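Peer 1: One structure is given below, represented as structure tokens, and several questions about it will come after.
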Amino acid sequence: MRRSVSVVAVLVFVVAVLSVRADEKPSEAYQKAMKDLSASAQALRAEVKTIEGAGAYPDYTPLDKHVSVLRGACKTTLAYWNDKKVDDAIKVTEAGLKGVDALEKAAKDKSYDNLVAASSAISVTCASCHKAHRTQTPEGTYEIK
């Protein structure tokens, strides 16, 4: 009987700990990184449309700020997922960083085709991680699964 009570107590404790961990809010730095990524990715899409609309875009320097913001936010995101030891999120974030490197090179080379490819790759990595690790609350906000 005493053993059954002990087993039940341990199980209740484990379930309680896992529940708390599942509802754990990400750090302020992670939340800021996500907001920075979102804002910069939206602005980047607008820049790409401007470049496309112009047919030629002699000044790629406005993209430098996106490279800087995206790289910083990806590094914060990578540190978060490394701390959590979530392998698929780590791989996706590393792919995002490679996309940022490609974006930087495309801007430096003034290569529109590579710019489009890099910005698309960044968007895909964000979307795949959101699909796997984010859930919408009834209030309309998002939390990490």
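Peer 1: Test each condition in (1) outside any helix (DSSP H, G or I); (2) at pLDDT 90 or above for Glu143 and report the one that comes out false.
Peer 2: It is condition (2) that Glu143 fails.
Peer 1: Moving on to the next point. Can you tell me how many residues within the stretch 18-41 are at pLDDT below 85 and open to solvent by 70 Å² or more (accessible area, probe 1.4 Å)?
Peer 2: The total comes to 6.
A quick yes/no check of all residues on (1) part of a helix (DSSP H, G or I); (2) modelled with pLDDT under 90; (3) hydrophobic (A, V, I, L, M, F, W, C); (4) closer than 18 Å to Thr125 by Cα:
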position	(1), (2), (3), (4)
Ala43	yes, yes, yes, yes
Ala46	yes, yes, yes, no
Tyr60	no, yes, no, no
Leu63	yes, yes, yes, no
Tyr80	yes, no, no, yes
Val92	yes, no, yes, yes
Asp101	yes, no, no, yes
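Peer 1: Quick check on Ile122: is it modelled with pLDDT of 90 or more and closer than 16 Å to Ser40 by Cα?
Peer 2: So Ile122 fits the description; yes.
Peer 1: Those residues that are open to solvent by 10 Å² or more (accessible area, probe 1.4 Å) and touching a residue at least 40 places away in the same chain (Cβ under 8 Å), I need them from the stretch 108-120; list them, please.
Peer 2: Answer for the stretch 108-120, where residues must be open to solvent by 10 Å² or more (accessible area, probe 1.4 Å) and touching a residue at least 40 places away in the same chain (Cβ under 8 Å): Lys108, Lys110, Tyr112, Val116, Ser119.
Peer 1: Can you work out which of the residues in the stretch 121-140 that are over 19 Å from Val86 (Cβ atoms) and within 14 Å of the chain's Cα centre (by Cα) is surrounded by the most Cβ atoms within 10 Å (Cβ to Cβ)?
Peer 2: Checking each candidate, the answer is Ile122.
The values are calculated or read from the model by the stated rules, or taken from the named source; none is laboratory data. Given the structure is predicted, the values throughout are model-derived calculations rather than measurements. Backbone-built Cβ (ideal geometry, glycine too); neighbour counts: all protein chains shown. Just the protein is used for accessible areas: all its heavy atoms, side chains included, with ligands, DNA and RNA removed. Shrake-Rupley method; radii C 1.70, N 1.55, O 1.52, S 1.80 Å.
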